2 protein chains.
Amino acid sequence: MRIVDTEERRRRVSQAVWEVMDRAGFAGLTMRAVAEAAGCTTGMVTHYFAGKREMLAFARARMHERMDARVRARDGLADVLEESLPLDAERRAETRVWLNFLVAALHDPDLAPDHVDRNRAWQDRIASLIAELNPALDASLEAQTLVSLTDGVATLAAADPGRFPPARQREILRHHLSRLLP
Amino acid sequence: MRIVDTEERRRRVSQAVWEVMDRAGFAGLTMRAVAEAAGCTTGMVTHYFAGKREMLAFARARMHERMDARVRARDGLADVLEESLPLDAERRAETRVWLNFLVAALHDPDLAPDHVDRNRAWQDRIASLIAELNPALDASLEAQTLVSLTDGVATLAAADPGRFPPARQREILRHHLSRLLP
DNA sequence: CTGTTACCGTAACGCCTGTTATGGAAATAC
DNA sequence: GTATTTCCATAACAGGCGTTACGGTAACAG
């Protein structure tokens, strides 16, 4: 006897979570603010999530799904890495949200393991792409370098788009890759 | 008619702020938690700071002073950059605190300008060191690359010390520098 | 039509927050 | 000695928080 699309509602709440988090950060992320951003009340939110933690966990999982889907749609080392950079407004917002979840994971034992696993899988993915392109390289070392570089660029660009416009981000990445794979 | 050392008290509170922030993050950073970590009560804290914002601003400024002092004690590009990595427990804690302030700056218009200024000054500092070593390089580009790289390594190492032990962090940095300045 | 169930707005609850007020002990000033 | 000021613990306060309970509306079932 389902009347509304449950998943649609949960996705709508997730989007509201990102919206609030992007605008006000973790500190401003309250149930009431999320509900307002979703155009409803806390009653609706609590109807679909047992509590704030579950809501946040779902929003985080959905964010990762989106990121994964975007990267999976790409081919080749340069394109895959570039997809992880905040090259447009949407991805800049996503980067800001991602940073919020990142520091949350630093202090939340429930989130930390998944965060670490994801980072490691991402490094391994890049390492395998490097190994394909040039087996002579230390793929693990180069992958950690590249992931660090792109994460750093994303972080700096999120805070200072003026000095890290899209063209500059791309330039940094391409320049490094050209030295790595001449 | 000063009885106690005011600066000593403020510094003690600052240290308590870092301690709580490292352990519990921004979410767990309450006046009461800070007071307890400092071994006193909120009455003492409010006696030396007009409010939470001022306390945090002071703690943040002190953190930057410490970082600056450490870097200023070093010479040469490699050593300066290495000093910014979380190579020991103390700097790993500091990196976690720094990340908290970083995301706070993303959503706080009062903190953002200073954050951006500091990042830019840091990039410029690295750029000038690069220009000295090899004027043929695009110092600005290489500096942004290096700063992104070290920031990324610091972030990843803070979350996953297992995959980014001190030796690995150094290896990543040295390896990149060796390609940059053969 | 009647009963049941999904949906969710409204509102109350207790807790914890930053802030402010109060009061008193201790040190200095005179 | 008294007066004054610094220092800070204690506690009260209003506001906002996540959570929970309640109630009504609308959709389906029989």
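The values are calculated or read from the model by the stated rules, or taken from the named source; none is laboratory data. Small disclaimer: the values here were computed from a predicted structure and weren't measured. Counting neighbours? That spans all protein chains shown, and the Cβs are built from the backbone with ideal geometry, glycine included.
Here are some notes:
- Filter pass, A:Val17 being more than 14 Å from chain B (Cβ to nearest Cβ), crowded, with 17+ Cβ neighbours inside 10 Å, within 18 Å of the chain's Cα centre (by Cα) and more than 12 Å from DNA strand C (Cβ to nearest atom): yes
- Single match in A:Ala127, A:Ala69 (criterion: under 21 Å from A:Met21 (Cβ atoms) and not assigned by TED's automatic domain parsing to the domain that holds A:Ser14): A:Ala69
- Among the residues of the stretch A:139-176, those identified as over 19 Å from A:Thr95 (Cα atoms), among the hydrophobic types (A, V, I, L, M, F, W, C) and crowded, with 18+ Cβ neighbours inside 10 Å are A:Ala139, A:Ala143.
- Test result for A:His64, closer than 20 Å to A:Asp22 by Cα and either within 10 Å of chain B (Cβ to nearest Cβ) or modelled with pLDDT under 95 (or both): no
- Residue match in the stretch B:159-179 (condition: closer than 16 Å to A:Phe164 by Cβ, more than 11 Å from chain A (Cβ to nearest Cβ) and not polar (S, T, N, Q)): no
- Of the residues making up the stretch B:39-58, just one is in contact with a helix residue (DSSP H, G or I) (Cβ under 7 Å, 6 or more places away or on another chain), away from DNA strand C (no atom under 11 Å from the Cβ) and farther than 22 Å from B:Leu99 by Cα, namely B:Tyr48.
- Among (1) crowded, with 17+ Cβ neighbours inside 10 Å; (2) more than 12 Å from DNA strand C (Cβ to nearest atom); (3) over 21 Å from B:Ala104 (Cα atoms) - the single one A:His64 does not satisfy: (1)
- The residues on offer are A:Thr95, A:Thr42, and the sole one that is more than 25 Å from A:Val153 (Cβ to Cβ) and of a type in the set (Val, Ile, Thr) is A:Thr42.
- Among residues of the stretch A:133-142, those that are within 12 Å of B:His175 (Cβ to Cβ), in contact with a helix residue (DSSP H, G or I) (Cβ under 7 Å, 6 or more places away or on another chain) and without any contact (Cβ under 8 Å) to a residue 24 or more places away in the chain, counted: 2
- Among the residues here, A:Ser148 qualifies as without any contact (Cβ under 8 Å) to a residue 12 or more places away in the chain and either of a type outside the set (D, E, K, R) or in a helix (DSSP H, G or I) (or both).
- Subset of the stretch B:82-114 that is closer than 16 Å to B:Pro165 by Cα and without any contact (Cβ under 8 Å) to a residue 40 or more places away in the chain - its residue that is surrounded by the most Cβ atoms within 10 Å (Cβ to Cβ): B:Arg91
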